[in-house]
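J.: Please find one structure pasted underneath; my questions will follow.
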Amino acid sequence: MSTTFLIVLLAALAFWLASVFNELVALRNRYRNAFAQIDVQLKRRYDLIPNLVETAKSFMAHERGTLEAVVLARNRAVQAGAVASAQPGNANAMQALSQAEGVLEGALGRLFALSEAYPQMRSDQNMLGLQEELASTENRIAFASQAFNDEVTEYNTRREVFPNRLFTGMFGFEPSNLMAATESADERQPVKVSF
């Protein structure tokens, strides 16, 4: 009878371990999928930016530094996005992406602030359409980021609860990191408006 009990106990333990493993695999795949949704929207934004810069160039010939800053920030964000896409949830990759995105948002903010000084640009249909698409994409990125953070939170919670915590390291389930918004120094500065 004790042999049968031991076999049943081992089978129950094996079944439980398999269910913990399968649950963590499913949750990890869900947060990876959620990051893929962010990645799609980031790529859409990265594709819009060169068109925006080209359109702005025709109006803002004297603002070359601002336009170059936008292009440089975009290129760095693309690189950081590629690294984060390969390792969604990796702390360093997510931090680098968040910082690059913060710099890009700051550069775009300066571009849009300067565009206020160019009435023809503000009324250009191509520029207005690009700004509208960019704003729509920003909203999609925000929603996708929230979904990603929700999935990461659920994954981290499941891997950290007892008794799952006893086995997650053995199975190779590392903690994942949230996508956090970062503020650049420029974003914290008040916008100067003059009339």
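Nothing in this text is a laboratory measurement; each read-out follows from the coordinates by a stated rule. Just so you know, these numbers come straight off a predicted model, no measurement behind them. Here the Cβ is made from the backbone with ideal geometry for all residues, glycine too, and neighbour counts use every protein chain on show.
J.: Out of the stretch 33-139, which GluC sites (Glu not before Pro) are coil in DSSP terms and have no more than 11 other C-beta atoms within 10 Å?
T.: Sites meeting the loop and neighbour criteria: E116.
J.: Something else about it: Tell me, what ³J(HN,Hα) does each residue in the stretch 77-88 have, in order and in whole Hz, if you take phi through Karplus 6.51 cos²θ - 1.76 cosθ + 1.60 with θ = phi - 60° and put x for Gly and Pro?
T.: Values, residue by residue: 5, 4, 5, 5, x, 5, 5, 5, 5, 6, 9, x Hz.
J.: Something else about it: For N164, list long-range residues whose amide hydrogen, built 1.01 Å from N in the peptide plane, is under 5 Å from its own amide hydrogen.
T.: none
J.: Quick one: what are the phi-derived ³J(HN,Hα) couplings along the stretch 143-155, Karplus 6.51/-1.76/1.60 with θ = phi - 60°, whole Hz, x for glycine and proline?
T.: For the stretch 143-155, the Karplus curve yields 5, 5, 5, 5, 5, 4, 4, 4, 5, 5, 4, 5, 4 Hz.
J.: Taking θ as phi - 60°, what are the ³J(HN,Hα) couplings along the stretch 19-32 by the Karplus curve (6.51, -1.76, 1.60), each to the nearest whole Hz, with x for Gly and Pro?
T.: These are the phi-based 3J(HN,Hα) values: 5, 4, 4, 5, 5, 5, 4, 4, 5, 5, 5, 5, 6, 5 Hz.
J.: Then there's this: What is the order of T153, T3, fewest Cβ neighbours within 10 Å to most?
T.: By the 10 Å Cβ count, ascending: T3, T153.
J.: Show that you can apply the helix-only estimate: for the chain, add -39,500 (n - 2.57) for every DSSP H stretch of four or more residues, divide by all residues, and state [θ] at 222 nm to the nearest 500.
T.: About -28500 deg cm²/dmol.
J.: Determine the shape class of the chain: with a ≥ b ≥ c the square roots of the Cα gyration tensor eigenvalues, call it rounded for a/c under 1.5, and otherwise prolate if a/b is greater than b/c, oblate otherwise.
T.: prolate
J.: I've got another one for you. Can you give me the Cα centroid spacing of the stretch 116-154 and the stretch 38-81 in angstrom?
T.: The stretch 116-154 and the stretch 38-81 have Cα centres spaced 13 Å from each other.
J.: To the nearest 20 Debye, how big is the dipole of the chain about its Cα centre, given +1 on the beta carbon of each Lys and Arg and -1 on that of each Asp and Glu?
T.: The calculated dipole for the chain is roughly 320 debye.
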